[in-house]
């Protein structure tokens, strides 16, 4: 199951629920650098008094008998723990926050509740720029155009389209070589990741074959 969640400052982050073979629920949360993400605690209606959050087998935060201790200085001033369910809000996010987090309830709650959340932190894609370069045959009778796509941000997927239809076998390629025709064509490059997407387009009007 996949869902988008709205955080308190109006930004969006996404959460995916995956069912492991053991029956344990493993959640995937995607967030953007400089924004916030919420790692869900217990779904139980009973308040969890004692709990801890662990990242890569190292305790980063613990609440015991009402006292909260942060063990990792990298999180100082960036963690908020919900009173009832123990959900952990990280704000603002940095790239190094990416990793696997484990929520663990501590005694006297029985049975112990435990689940794993994988947090992925990305830079938002803030710009996509397309450029073109024309190459002519030796006798200048034909030409090709090399389109290049420059992206600022964390790119997970890069794709090309012609007249808004995706071009096969171009995924991940930063350049595309095309042969201009007499008609008008629209070429687009789209860069995306789980938290953002940007598209740049270029028409070949000024590069039409003569």
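The values are calculated or read from the model by the stated rules, or taken from the named source; none is laboratory data. Small disclaimer: the values here were computed from a predicted structure and weren't measured. Neighbour counts run over all protein chains shown; Cβ positions are idealised from the backbone, glycine included.
Tally time: how many residues in the range 99-115 are under 18 Å from the mean Cα position of the chain (by Cα) and surrounded by fewer than 16 Cβ atoms within 10 Å (Cβ to Cβ)?
Counting residues in the range 99-115 that are under 18 Å from the mean Cα position of the chain (by Cα) and surrounded by fewer than 16 Cβ atoms within 10 Å (Cβ to Cβ) gives 2.
For residues in the range 163-185 being free of Cβ contacts under 8 Å to residues at least 12 places away in the same chain and in a strand (DSSP E or B), which is surrounded by the most Cβ atoms within 10 Å (Cβ to Cβ)?
Going through the qualifying residues, I end up with 166.
Kindly indicate whether any position in the range 175-185 is under 27 Å from residue 31 (Cα atoms) and modelled with pLDDT of 95 or more.
Checked the range 175-185: no residue is under 27 Å from residue 31 (Cα atoms) and modelled with pLDDT of 95 or more.
Within the range 123-147, which residues are surrounded by 14 or more Cβ atoms within 10 Å (Cβ to Cβ) and under 30 Å from residue 34 (Cα atoms)?
123, 124, 125, 128, 130
Please specify each residue of the range 151-162 satisfying the condition of being surrounded by fewer than 16 Cβ atoms within 10 Å (Cβ to Cβ) and under 15 Å from residue 130 (Cβ atoms).
Within the range 151-162, 152, 162 meet the criteria.
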